[in-house]
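S.K.: Structure in structure tokens, see below.
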Amino acid sequence: MNVSARAANPAEQAKLLKGQPAPQQVSDQNITYNVSLGVNDGKFVLNWSVTPPVFGRWDWVGVFESADDARTDPAGTYLRGGWQWAEYGGPYNTSVNVNYGYVIAYVVWNYGADAYQAVAISNPFMPG
């Protein structure tokens, strides 16, 4: 199967990646992920950065109703109008209405667990 093609969304991508062998890792460097939710016209804006700026092909950021959702099943619980492939860059304007307690997570494919895993989750959104 050709997994170099990107699926339409993270839930579909997870199905394609299941059972795939891990690619060769060039180096195991320390990577820092930062995520935050912004607001534009009543909708969430996704902000993220990766230091150093290395983005995995299957990495994405998304809005979740809670940190628990992001931790337990990111590919199944992200809000459909509120995600973006990480390498496309941000900020990204979503179609998700601002809501108390929502979070943004940076999500990577974990070949060992054969599942998506949130590696950074913001604090729950509380309007200033």
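Each reported figure results from applying straightforward, stated rules to the coordinates on display, with no laboratory input. What you see is a predicted model, and the numbers here were worked out from it, not measured in a lab. Positions of Cβ are backbone-derived with ideal geometry, glycine not excepted, and every protein chain shown enters the neighbour counts.
S.K.: How long are the semi-axes of the equivalent ellipsoid of region 71-126, taking √(5λ) for every eigenvalue λ of the Cα gyration tensor, in whole Å from largest down? Mind dumping the intermediate values first?
M.R.: On the way: eigenvalues 81, 38, 21 Å².
The answer is 20, 14, 10 Å, longest axis first.
S.K.: Tabulate in residue order the Karplus-calculated ³J(HN,Hα) for region 88-98, using 6.51 cos²θ - 1.76 cosθ + 1.60 with θ = phi - 60°, rounded to whole Hz; enter x for Gly and Pro.
M.R.: Working through the residues one at a time gives 6, x, x, x, 10, 7, 8, 9, 8, 5, 4 Hz.
S.K.: Quick one: go through region 85-128 and flag any residue whose amide nitrogen is under 19 Å from the point 7 Å out along the Cα-to-Cβ line of residue 22.
M.R.: So the set is 107-120.
S.K.: Helix-only mean residue ellipticity at 222 nm, the chain, DSSP H runs n ≥ 4 weighted -39,500 (n - 2.57), per residue, nearest 500. What is it? Please list the in-between numbers first.
M.R.: Details: 3 runs with 18 residues, N = 128.
The helix contribution divided over the chain gives -3000 deg cm²/dmol.
S.K.: Right, next: If the elastic network links every pair of Cα atoms under 10 Å, which of 86, 105, 11 fluctuates the most in the Gaussian network model of the chain?
M.R.: Checking each option, the largest mean-square fluctuation is seen for 11.
S.K.: Sticking with this structure for a sec: For the chain, what's the relative contact order in percent, using C-alpha pairs closer than 8 Å and at least 6 residues apart? Please report the intermediate quantities before stating the final value.
M.R.: Details: 246 pairs, mean separation 35.7, N = 128.
28 percent.
S.K.: Amide H of residue 98 versus every other amide H placed in the peptide plane: which residues, excluding those fewer than 5 positions away on the same chain, fall under 5 Å?
M.R.: Here the answer is 43, 44, since their amide H atoms fall under 5 Å of that of residue 98.
S.K.: Taking θ = phi - 60°, what integer Hz values does the Karplus form 6.51 cos²θ - 1.76 cosθ + 1.60 yield along region 32-46, in sequence order, with x for Gly and Pro?
M.R.: My calculation for region 32-46 gives 10, 10, 10, 9, 7, 9, x, 9, 9, 6, x, 10, 6, 10, 8 Hz in order.
S.K.: Amide H neighbours of residue 110 under 5 Å, counting only residues 5+ apart in sequence or on other chains, H built in-plane at 1.01 Å?
M.R.: Those qualifying (amide H under 5 Å, at least 5 residues apart or on another chain) are 115, 116, 117.
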